[in-house]
Each structure stands twice: as structure tokens, then as C-alpha cells.
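Notes for the one structure printed next.
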Amino acid sequence: MKTSLEEAREQTHKDTVNVLQGIIEKNYDAEKGYKKAMQDAKNPALKNFLKQQALQRSTFATAIDKELRDLGETPKESGSVTGTLHRAWIDIKSSLAGNDDEAVLEEVIRGEKASVDEYVDAIKDKPLLPKVQSVLQSQLDDIQGTLNRVKTLEDIA
């Protein structure tokens, strides 16, 4: 029979793994979304920004992959069906909007706001291992910084 402490540790492990699996999937989606937005963007500076963000999300996914493996788990290897559908919606919306940079930035802002919400929910909903909590908080801070930069870029566009 397990002690309460052992049960709590197992539950924390399970919750941490579930949170990380969800977040890694969202980062795969975000990386693909940034790459798609980069194809639609016209402005070279915007294209470069979007390329940097795709790379950042790849880096986030790699860090989460490592955390999952350190926990003895196998990470998911692709994004979600929802992310695929969202990118299809962006394709339709972009074609109707004439693929202008402002429309691309609006979708980036929407996606980043959703990422912030997902990270905040992940961090506050379940007790996570301290190291994982730290990794997710750092990534959340970076996403919030990106959101602030994108809002500035939108003003320029």
C-alpha cells in the first residue's frame, strides 16, 4: 500500500507529464504557425521576426522534450488537430485579406494571447515539479515579451 506522500508524488508526476505534453504540442503548433505566417508576410523585417519566433518555439519544444525525457516519459512528436485547423483558417483569412502584413500580425497576436492563457492555466492549475515550473515560467515570460513586441510591430504596420 502506498503512503499519502507516495500518492502525492505520483499525482504530481502525472500532472506534470500531462501539462508538458499539452504545452509541447502547442509549441509545435506555434512553430508551424510562425513558419506559415513568415510565408505570408511581405515585409522583410517582419519575415525575420517571424523566423526568430519559429526558432524560439522550436527551442521551447526542445526544452520541454528534455523535461519529459528526464521524467522517463516519451514526448509527443507533433502538433494538434486544432492547430492544423487553425492554420487552415489563417490560410483562408489571409487570402481574403490579401495576405497583408497587418492580417498576419493580428493572427500572431491572437496566437500569442492564446499561448499566454495556456501557460498561465498550466502553471496555476496543478502543482508541478519546481524545475518544470521554472522552465514554463521562463517560457511564459518570453511569450509575453513577444506579445508586447508584436503589438509594437502592429502599430508600425
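Every read-out reported here was derived from the displayed coordinates using simple, explicitly stated rules and does not represent laboratory data. Note that the coordinates shown come from a computational prediction; the quantities given were computed from them, not determined experimentally. Neighbour counts are summed over all protein chains in view; Cβ atoms, including those assigned to glycine, are modelled from backbone coordinates with ideal geometry.
If you take every residue apart from Leu129 with its C-beta less than 11 Å away from the C-beta of Leu129, what net charge results, scoring Lys and Arg +1 and Asp and Glu -1?
0
Kindly provide the Kirkwood hydrodynamic radius of the range 112-157 in Å, to one decimal, from all pairs of distinct alpha carbon atoms.
11.4
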